[in-house]
Amino acid sequence: MMRIPSEVSYIRKISAEIESYLKANNIEDSAIFDIRLCAEEAVKNAILHGNGGKKDKAVFISYSLEGGRFTLEVEDEGNGFDPRMVPDPTAEDNLLKGSGRGVFLIHKLMDEVKYNSRGNRIFMVKLINKNNGGKANAGQAGR
Amino acid sequence: MQVRQEDKNGIVVCYITGEIDINTSPQVKKIFDRIVGEKKEKIVINFKNVSYIDSSGLATLVEILKGMRTYGGKLKLSNLSTKVKNLFEITKLEKLFDITQEEGDAIKSLS
């Protein structure tokens, strides 16, 4: 479990660490691109929306790769949100809006997405072997 | 992240090199605010050297497009990688943006 302050400069540090871990496990570039994007979007949402950018609030990140499943959890210290209330950014009226695509992309690029009941923790799974042609070392776990 | 600008027969071609994410999007926006502020009528953004874009980057491109629409400017995107283009497809932004495979096609259609 990693703990970072609510500062956007940490977003790339976290995703770079995950990228290195995936590369070390011979995961193909396409899956790494998707996982990096989802990790950055989730951490960004946790920092900016969950914790409201308050630097004294932390974001907790954990991930693992086991049996062809890459699992990523991101939790903030905010009050949570209802993901059903996020407007569909692909709706005609929303296409020109500046924000709202992060959560949508996570749902599209990950194979499983769940939230805790409070809505301050997101749990994501990317299946590596099934569709993505990766060569994950089963049983090897990250942080 | 860098943006190189070339004038090709009255068409401004912008070559972005690097990643467009939450850290670099403000730079991209600043550069294009200046170009759009000059009311350039025809702009092509060449993505050949853009390896990554996130939702902040997509939002920045939407802002550029909105800015150009205020004066009737035309924007085309070219040379997107498969992964970057996929994000435009997933988010349906391909409906908003005119995307061509090659820069030459974009220039030809604006000429």
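Tell me which of B:50, B:90, B:62 sits at the most positive position along the dipole axis of region B:23-111, charges placed on C-beta atoms (Lys, Arg +1; Asp, Glu -1).
Projecting each Cα onto the dipole axis, the largest value belongs to B:62.
Please report, in debye to the nearest 20, how large the charge dipole of region A:1-138 is about its Cα centre when each Lys and Arg carries +1 at its beta carbon and each Asp and Glu carries -1 there.
Numbers: 20 positive and 20 negative charges, 40 e Å.
In debye, rounded to 20, region A:1-138 gives about 200.
Please compute the average number of Cβ atoms from other chains found within 10 Å of each residue's Cβ in peptide B:54-62.
6
Averaging sequence separations of C-alpha pairs under 8 Å and six or more residues apart, then dividing by the length of chain B, give the relative contact order as a whole percent.
Relative CO of chain B lands at 26 percent.
Taking the Cα of residue A:86, stepping 7 Å toward and past its beta carbon, and measuring to each backbone N in region A:38-77: which are under 13 Å?
Label zone hits: A:38-50, A:74.
So for chain A, averaging the separation of alpha carbon pairs under 8 Å that are six or more residues apart and normalising by length, what relative contact order in percent results?
After rounding, I find 31 percent.
Shape call for the protein assembly as shown from the C-alpha gyration tensor, a ≥ b ≥ c root eigenvalues: rounded (a/c under 1.5), prolate (a/b greater than b/c) or oblate?
prolate
Note the buried accessible area between A and B here, summed over both chains, with a 1.4 Å probe, in Å² to the nearest 100. Please list the in-between numbers first.
On the way: alone 7950 and 6290 Å², together 12150 Å².
That pair hides around 2100 Å² of surface in total.
Restricting the count to DSSP beta bridges whose residues both fall in chain B, what percent are antiparallel, rounded to a multiple of 5?
Values: 7 of 23 bridges.
Counting DSSP beta bridges with both partners in chain B, the antiparallel share is about 30 percent.
I'd like to check one number: the per residue accessible area of the protein assembly as shown, probe 1.4 Å, reported in Å² as a whole number.
Per residue, the protein assembly as shown has an accessible area of 48 Å².
For a 24 Å ceiling on Cα separation, which of these pairs sit above it: A:55/B:92; A:44/A:97; A:13/B:83; B:29/B:95; B:30/B:66; A:23/A:108?
Check vs 24 Å cut-off fails for A:55/B:92.
If you average the alpha carbon positions of region B:42-111 and of region A:7-52, how far apart do those two centres end up, in angstrom?
24 Å
About the Cα centre of the protein assembly as shown, what is the dipole size in debye to 20, counting +1 per Lys and Arg Cβ and -1 per Asp and Glu Cβ, all else neutral?
With only Lys, Arg, Asp and Glu charged at Cβ, the dipole is about 260 debye.
Label-point separation (nm) for residue A:16 and residue A:1, each offset 7 Å from Cα along Cα-to-Cβ?
The answer from the label model is 2.6 nm.
Could you name the lysines whose alpha carbon sits less than 19 Å from that of residue B:108, not counting residues in the same chain fewer than 8 places away?
Answer for residue B:108, where 19 Å is the Cα cut-off: B:8, B:40, B:42, B:48, B:74, B:76, listed by chain and number.
If you plug each phi of region B:84-100 into the Karplus form 6.51 cos²θ - 1.76 cosθ + 1.60 with θ = phi - 60°, what whole-Hz ³J(HN,Hα) values come out, in order, with x for Gly and Pro?
Each residue of region B:84-100 in turn: 5, 4, 4, 5, 5, 6, 4, 7, 6, 5, 4, 6, 8, 9, 8, 10, 10 Hz.
Residue A:56 to residue B:69: FRET efficiency via 1/(1 + (r/R0)^6), r the Cβ-Cβ distance, R0 41 Å, to the nearest 0.05?
Working: r = 41 Å, r/R0 = 1.01.
According to the calculation, E is roughly 0.50.
Measure off, as a whole percent, the carbon and sulfur share of the 1.4 Å-probe accessible area of the protein assembly as shown, all protein chains present.
Whole-percent figure for carbon plus sulfur exposure: 46.
Pick out, in residue order, every one of the chymotrypsin sites (Phe, Trp or Tyr not before Pro) in region B:24-111 that is DSSP loop and has at most 12 other C-beta atoms within 10 Å; say none if there are none.
Sparse-neighbourhood loop chymotrypsin sites (Phe, Trp or Tyr not before Pro): B:71.
Between region B:8-22 and region A:76-115, what is the separation of their alpha carbon centroids in Å?
Answer, in whole Å: 28.
Please go through region B:1-71 and write out the GluC sites (Glu not before Pro) that DSSP classes as loop and that have at most 12 other C-beta atoms within 10 Å.
In loop regions of region B:1-71 (DSSP not H, G, I, E or B), the sparsely surrounded GluC sites (Glu not before Pro) are B:38.
Assign one of three labels to region A:2-132, namely rounded, prolate or oblate, based on the Cα gyration tensor with a ≥ b ≥ c the square roots of its eigenvalues; rounded applies when a/c is under 1.5, prolate when it is not and a/b is larger than b/c, and oblate otherwise.
Oblate shape, in that a/c is at least 1.5 and b/c is the bigger or equal ratio.
The values are calculated or read from the model by the stated rules, or taken from the named source; none is laboratory data. In this text, all values refer to a predicted model and were calculated from it rather than measured experimentally. Using ideal geometry, Cβ is built from the backbone for each residue, glycine included, and neighbour counts are taken over all protein chains shown. We work out accessible area using only protein heavy atoms, side chains counted, and drop any ligands, DNA or RNA first. Shrake-Rupley method; radii C 1.70, N 1.55, O 1.52, S 1.80 Å.
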